[in-house]
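First comes the structure, then the notes that go with it.
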Amino acid sequence: MRKITNYILCVCVMLTLFVTAADAVCPVCTIAIGAGLEGMRMLGVKDVLVGIWAGGLTVSLIGWTANFMKKHNIRNVFWYILNVLVYVSLLAGVYFVPVGNPIVKWWKNCMWGIDQFLLGILVGSATFVIMEIWYQRIKRNNGGHALFPFQKVVMPFGGLLIMTGIFWIIIKYLPTIGIVLC
């Protein structure tokens, strides 16, 4: 088993050495969101908060792959639809992991009648898309330039941080005043 793992690791390293630069949605924010997602899961953060970051990461990866396909002149709509379906299927896989203790237990904890992880995914995806559209509008109105360095990173990342804060406040304080979340 160790030999196979080493082989796969070696192949991955070799492939990354020959990859050309990506014209992605934002590689830095994709990595930051992925690191934040795993860190939160390890710390035992509520599923809705983790879902916000998972939704943002998924939208970022979909955009990243779509930009890659555009750059390589892939124009068939089928491949773009397949791109979305693959990433959404991978995200949905957390509900169907065939182990004794799945990552997310379907409908075990809900918020406003929706599974917390699913609610977080929807909020995070919408937030990421809205912030990306807002960034494009700001850039268009500013002559094709960002207002400050790394604005393309800060806006989606900041939007996800704000939504995480809002939902943390909702989870923390609404039950203390008698509002039931599920």
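For the condition part of a helix (DSSP H, G or I), under 17 Å from Leu61 (Cα atoms) and open to solvent by 60 Å² or more (accessible area, probe 1.4 Å), what is the one hit in Leu160, Leu122? From the options Leu160, Leu122, the qualifying one is Leu122.
Sub-7 Å Cβ pairs linking a first residue in the stretch 156-179 that is closer than 14 Å to Trp112 by Cβ to a second residue that is assigned to a loop (DSSP other than H, G, I, E, B) and charged (D, E, K, R), at least 6 apart or interchain, are Ile171/Lys46, ordered by first then second residue. Here the helices (runs of 4 or more DSSP H) wholly within the stretch 1-101 that include at least 1 residues being of a type in the set (Val, Ile, Thr) and modelled with pLDDT under 85 are 2-17, 27-43, 47-71. Assessment of the stretch 67-76 against the conditions (closer than 25 Å to Leu161 by Cβ and surrounded by 12 or more Cβ atoms within 10 Å (Cβ to Cβ)) yields at least one matching residue. Within the stretch 59-81, being under 19 Å from Leu91 (Cβ atoms) and of a type in the set (A, V, I, L, M) holds for Val59, Leu61, Ile62, Ala66, Ile81.
The condition of being within 22 Å of the chain's Cα centre (by Cα), more than 19 Å from Val50 (Cβ to Cβ) and open to solvent by 100 Å² or more (accessible area, probe 1.4 Å) does not hold for Trp168.
The values are calculated or read from the model by the stated rules, or taken from the named source; none is laboratory data. Just so we're clear, the structure is a prediction, and the values are computed from it rather than from any experiment. FYI the Cβ positions are ideal-geometry reconstructions off the backbone, even for glycines, and counts take in every protein chain you see. Side chains included, ligands, DNA and RNA excluded: accessible areas come from the protein's heavy atoms. Shrake-Rupley method; radii C 1.70, N 1.55, O 1.52, S 1.80 Å.
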